[in-house]
1. For region 17-111, which GluC sites (Glu not before Pro) are both in a DSSP coil and crowded by at most 13 other Cβ atoms within 10 Å?
2. Using only the alpha carbons of region 4-115, what is the convex hull's orientation-averaged projected area in square nanometres?
3. Tell me, which cysteines of the chain are without a disulfide-compatible partner by the Cβ under 4.7 Å rule?
4. Quote the convex hull volume per residue of the chain, based on C-alpha atoms, as a whole number of Å³.
5. Considering only protein heavy atoms, what is the solvent-accessible area of Val59 at a probe of 1.4 Å, reported in Å² to the nearest 10?
6. Let me know the charge dipole size of region 126-218 about its Cα centre in debye, to the nearest 20, where only the beta-carbon of Lys, Arg (+1) and Asp, Glu (-1) is charged.
7. With runs of 4+ DSSP H residues as the only contributors, calculate the mean residue ellipticity of the chain at 222 nm using -39,500 (n - 2.57) per run, divided by the residue total and rounded to the nearest 500.
8. Using only C-alpha atoms and all pairs of different ones, pull out the Kirkwood radius for region 143-195 in Å with one decimal.
Amino acid sequence: MQILFLGAPGAGKGTQCKRLSKHLDLAHLSSGDLLREAVKEGTPTGLKAKSYMDKGVLVPDEVLIAMFEEKLARPECAKGFILDGFPRNLAQAGSLDQLLEKLNKQLTVVINMQVDFNLLTERICGRRTCGNKECGSTYHIKFMPPKKDDICDVCGSALTKRSDDNEEVVRNRLKVYEKETEPLIEYYDARLILRTIDGQGDVDEIFSDILRTIKVLV
Ligand code: ADP
Ligand code: ADP
Ligand code: ZN
């Protein structure tokens, strides 16, 4: 099964994809997580990406396409995968089509997570992430607070705040989403593989909705 998640920054893609990847035992490929890891490790990809990410604009397409070409060909993706954050514009979507064709695969479903625009900034600015890479649990200071301030419930590591999760950069990221990424909704809807999910409300209920949607299809 090849699943793609669409949705604005803060829509809850990461939160749901992590659960779904465990539930279905599929690889979760988050472009943002992969880029942040590359930046942290100081790889050539990371060095190219950093200044764009700091500003909240898209990293050049060729960087992402090369990264996903390499990841999708890995053995852990053979039985399927969940894409989160890639593609993010029409050019990347076209390249993904080509990559999938080479691998003799196609997208099973595209889940579009819908959240009111005026909720997104609050969601993003309150986001905290477990600093332990193996865990990576996501919290929210108001909507999903950890039991102990700044400590991960699951593994006890310190929580971190992303440097691009501040209002100024978020404004850019939301603009970029509307201009570049939103057109993908129509792109996939025209292929009849798009399903829109209400991304507001209880996380467990949203997860059940996603599972129901996927089960109908397979
Ligand atoms: P969010 O979903 O909260 O916006 P991500 O973690 O997905 O954040 O992305 C963080 C940053 O990484 C983006 O602002 C952008 O600079 C870069 N990025 C992530 N995915 C892509 C992509 N597919 N194409 C170009 N840049 C990307
Ligand atoms: P994305 O990957 O789409 O950028 P995240 O999954 O990181 O989004 O979620 C953004 C923030 O919103 C996080 O702090 C997360 O804990 C919180 N969040 C996710 N889903 C919900 C929800 N259903 N209700 C309230 N807050 C949520
Ligand atoms: Zn943790």
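The values are calculated or read from the model by the stated rules, or taken from the named source; none is laboratory data. The structure displayed is predicted, hence computed values, not measured ones. Don't worry about glycine lacking a Cβ; one is built from the backbone with ideal geometry, like all the others, and counts go over all protein chains shown. Accessible surface is based on the protein model in full, side chains and every heavy atom, while ligands, DNA and RNA are left aside. Shrake-Rupley method; radii C 1.70, N 1.55, O 1.52, S 1.80 Å.
1. none
2. Its Cα hull, projected and averaged over all orientations, spans 7.0 nm².
3. Lone cysteines by the Cβ rule: Cys17, Cys77, Cys125.
4. Taking only Cα atoms, the chain has a hull volume of 120 Å³ per residue.
5. Only protein atoms counted, so the area is about 10 Å².
6. 200 debye
7. Estimated from H runs of four or more residues: -14000 deg cm²/dmol.
8. One decimal place: 14.4 Å for the Kirkwood radius.
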